[in-house]
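Coordinate-derived values only; no laboratory data. These numbers come from a predicted model, not from an experiment. Counting neighbours? That spans all protein chains shown, and the Cβs are built from the backbone with ideal geometry, glycine included.
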Amino acid sequence: MSVPLEHDYIGLSDASSLERSTESSNINVFTLKATELSLGLPGFGKNSEENAKFGPVVKNYMSGAKRGFSDVNFNGSGPSGKWALNGGSEADLCRGVNCVFEKNQTSSSDVKPVEEEKKGPVKAQVVGWPPIRSFRKNTMATNLPKSGDVAEANLGSGECLYVKVSMDGAPYLRKIDLKIYRNYAELSTALEKMFSCFTLGQCTSNGIKGRDGLTESKLKDLLHGSECVLTYEDKDGDWMLVGDVPWEMFIDSCKRLRITKGSEAIGLAPRSTAKCKNRN
Amino acid sequence: MDLNQKRTRMVDRVDSVDPDLVSPESTPMCPFPDEVLEPVLSLINSHKDRSSVSLVCKDWYNAERWSRRHVFIGNCYSVSPEIVVGRFPKIRSVTLKGKPRFSDFNLVPEDWGADVYPWLSVLAKAYPFLEELRLKRMAVSDESLEFLAMNFPEFKALSLLSCDGFSTDGLKAIATHCRNLAELDIQENGIDDLGGDWLSCFPETLTTLQVLNFASLNSEVNFNDLEKLVTRCKSLRVLKVNRTINLDQLQKLLLRAPQLTELGTGTFTQDLVTRPVADLEATFGSCKNLLTISGLWDTNSLYLPVIYPACASLTFLNLSCAALRSFELAMLLIHCKSLRRLWVLDTVGDMGLEAVGSWCPLLEELRVFPADPFEQENVAGVTESGFVAVSRGCPKLHYVLYFCHQMTNAAVATVVQNCPGFTHFRLCIMNLGQPDYVTNEPMDEAFGAVVRTCPNLQRLAVSGLLTDLTFEYIGKYAKNLEILSVAFAGSSDLGLKYVLGGCPRLRKLEIRDCPFGNAALLSGLTKYESMRSLWMSACNLTMNGCRVLAKEMPRLNVEVMKDEDSEDSQAHKVYIYRTVAGPRRDAPPFVLTL
């Protein structure tokens, strides 16, 4: 009998995790089929600037995300409870994650385990490293369209717009600040990082910038391609498909987000790529 | 105290030297009457030169102190405001630096100190005609800014960099009350941005503005007021707007101020084009005096070419807010043949840096910032080959700040061979403890090559996997080194001992997370008075070691910052600096002066 598979909170392991996770009650884990996951972006193995810019799904942002889950530990390392990642148990958690990745050799599109073996264990973020001025960090957070990390300070116009994001089968919800994203692509990247069940990475890997119309339609293409659908609850309490309306209108009316499984999303608005492209 | 002893001490800018002790003989040595001496000395602006002048004899000391107009205080706790005003009666301009540099990276707790208010209250009485105040890493409150605005009627220039504790309300006070304001330079700070209405507080009568920089603020300002301000300030030469200013608005501003020498744009893209891009391009063409361009947020291949007509005379291009790709940078640099300083994001990649090497032969300074600093895996960024490519094409390069994920010893050796004139070499390999990724050896030889090959090296920041050998090289060869930054490096006390035993010109040493202990700290006992400061955090220092140092060297402040988590005997964060002002009187509870 093999050693019990270590799961991090995302539960990225081989396909049989589905069965295992329903049995285990102690380990908090999503139920995701690894074969449908894209831990890295397609074409990610090439060192092209374009791909790398948008980053893989599960980066070390996990260490930032871990603050909520430090009590949920898988390696026996004690909960640190600390947000400032000073190595220690956080690093242990990272190594735990790394183990998961390395076991996941079967995932074909996944280049990450190879990269990690080359570089060694994932390192936890350290306070004050790399030595970038916090003020510059904050400036960059708003400047870079790629950066969707919630952990970055929210500057913007001063107002935050935190909405809950739930995902079916997940044991807990997340909250994100919609104001720090500027279009659907950024939102999708951020959610991707957070939940790593999207294959929306394809959207950004082509280096598509600019008009929301294009990204909206791509978003929806991919949403329907994968088994996850992103929906939101608007001011009227209705559940809508994300991507129909221009970004500004969306963040105005969005009250919460929900990532649903494909089968449950039947009945929502079908693709309307033509509608999107004609807008603007 | 004899003269020789004093000269070897490398006295800092302000010193409470008793004039009677400087030199017993004065008249035979100094035949010049004050009327001659003072005007001559007033032409000397360098602080180091003025320090030297003040040490010659009593007469020169006095002539110097009466003729000095600008005082530079590198550590606000090294001297008290009373001492400063006592020595220099006629100061018009003050530069003050406060917190240790690692506070920029969140290593210094809030409320540590460096409050500017106590300084202002003393300065207001002694220098009512103060004109300029430049602050770096000081705690500045709105009350301080209001006090400044109300108590200095001739006040002309305010520059704030890496300061915190204030809001745009403080700026309102400055804009409202400083009738002769010529410079308002708000660089990256921890400012509470409550809105853009501070800009509208400039009175209609204000026409003296020469420098206006609000690029780091986020709130929208009233554009009409800004346009009117720019129009009536005919001497405006530096204008750096924030991201809320769009291209159309920028166009209008440029038409009003074609005399600008430094421009910081706003958002440099737009969805809807109200005016053809050709117009904006022509406008840039008409700005014949531009030397610096920065800002350029969100720009891309569609809009960046608009600045090409202004590029031929540019000497400084700051692209650190524009995530350009390699070809975009290359196309731009073809036009920038006069470039001396270039700041970019690592999104440009090695290919972008090759373009730098190809098109900018006069380049002296290069800074490559990481677009995604906390990304640890699978990032492109720049590598050693980009670094080498720049060095090949830019032999005059002497200042580099380079963030990367991988480096090799051979590449660094090649770089310094191509550019032996380095004065500032700051290499940050972002993965902690990363060895030479080709040979898997430590990066010792890289920095060894740097210190051996670059005799003029003044500032060095090391990174990567480093053993004590690096520090042996530094101590042995870096004779002109003044500033050294070390993180996660070294194997034992020897490392620090080597540095403290060599490097005769060392002024600032900052160390974090290195295995240096008390023995190493104490080996530098006699050196610390010739330095401005030493920072050591997360090393192996104990309270006892620090107490010994404090006891032996009464003219140093040995401050330990207590961390909740560290044990009582550990000295987790230690900040040591020379001072003539004695222990801090405003130290917060977590700072213990031993």
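Separation of the alpha carbons by more than 21 angstrom is noted, of B:K396/B:K508; B:K97/B:K172; B:K527/B:K551; B:K97/B:K479, for B:K396/B:K508; B:K97/B:K172; B:K97/B:K479.
Shielding by partners for peptide B:428-436, expressed as the average number of C-beta atoms from other protein chains within 10 Å of each residue's C-beta, is 3.
When the square roots of the Cα gyration tensor eigenvalues are ordered a ≥ b ≥ c, the ratio a/c for the stretch B:419-502 is 1.5 or more and a/b does not exceed b/c, which makes its shape oblate.
Amide H contacts under 5 Å for B:W297: B:F268, restricted to partners 5 or more places along the chain or on a different chain, H placed in the peptide plane at 1.01 Å from N. Residue by residue, the stretch B:461-470 carries 3J(HN,Hα) couplings of 10, 10, 6, x, 6, 10, 9, 5, 4, 3 Hz when phi is fed to the Karplus relation 6.51 cos²θ - 1.76 cosθ + 1.60 (θ = phi - 60°); x denotes Gly or Pro.
Computed about its Cα centre, the charge dipole of the stretch B:67-136 is approximately 440 debye, with only Lys, Arg, Asp and Glu carrying charge at their Cβ.
With a 10 Å cut-off around each Cβ of B:320-331, the average count of Cβ atoms from other chains is 2.
Figure legend: label point modelled 7 angstrom from the Cα of B:F32 along Cα→Cβ; residues of the stretch B:51-94 with amide N under 17 Å from it are B:51-69. Taking Lys and Arg as +1 and Asp and Glu as -1, the other residues whose beta-carbon sits under 11 Å from that of A:S166 total +3. Close amide H contacts of B:S167 (hydrogens built in the peptide plane, cut-off under 5 Å, sequence separation of 5 or more or a different chain): B:D142, B:D192. In the stretch B:416-517, what chymotrypsin sites (Phe, Trp or Tyr not before Pro) fall in a loop by DSSP, with at most 10 other Cβ atoms inside 10 Å? Passing sites in the stretch B:416-517 do not exist. Of the peptides B:352-361, B:107-116, the order by per-residue mean of other Cβ atoms within 10 Å, starting with the highest, comes out as B:352-361, B:107-116.
Among B:200-213, B:286-299, B:580-593, B:397-410, the peptide with the highest mean count of other Cβ atoms within 10 Å heads the list, and the full ranking is B:397-410, B:286-299, B:200-213, B:580-593.
A simple rule links phi to the HN-Hα coupling: the Karplus curve 6.51 cos²θ - 1.76 cosθ + 1.60 with θ = phi - 60°, which for the stretch B:139-156 gives 8, 10, 9, 4, 4, 4, 5, 5, 4, 4, 5, 8, 10, 10, x, 9, 4, 10 Hz, with x for Gly and Pro. From the square roots a ≥ b ≥ c of the eigenvalues of the alpha-carbon gyration tensor of the stretch B:63-221, which class results: rounded (a/c under 1.5), prolate (a/b over b/c), or oblate? Because a/c hits 1.5 or more and a/b fails to exceed b/c, the stretch B:63-221 counts as oblate. As a rough footprinting exposure proxy, the listed residues B:W60, B:W198 were ranked by other beta carbons within 10 Å of their own, and the order from fewest upward is B:W60, B:W198.
Please work out whether the stretch B:262-356 counts as rounded, prolate or oblate from its C-alpha gyration tensor, where a ≥ b ≥ c are the square roots of the eigenvalues and a/c under 1.5 means rounded, while otherwise a/b larger than b/c means prolate and anything else oblate? Judged from the Cα gyration tensor, the stretch B:262-356 comes out oblate (a/c at least 1.5, b/c at or above a/b).
Computed from phi, the 3J(HN,Hα) profile of the stretch B:528-533 under the Karplus parametrisation 6.51, -1.76, 1.60 (θ = phi - 60°) reads 5, 6, 9, 10, 6, 6 Hz, with x in place of Gly and Pro.
Rg then Dmax, both in Å and based on the Cα atoms of the stretch B:74-118: 12.6, 37. Principal semi-axes of the equivalent ellipsoid, √(5λ) from the alpha carbon gyration tensor of chain B, are 39, 34, 23 Å from largest down. Legend: mean number of C-beta atoms from other chains within 10 angstrom of residue C-beta atoms, peptide B:214-223, equals 2. DSSP finds beta bridges in the stretch B:148-276, and of those with both partners inside it, around 0 percent are antiparallel.
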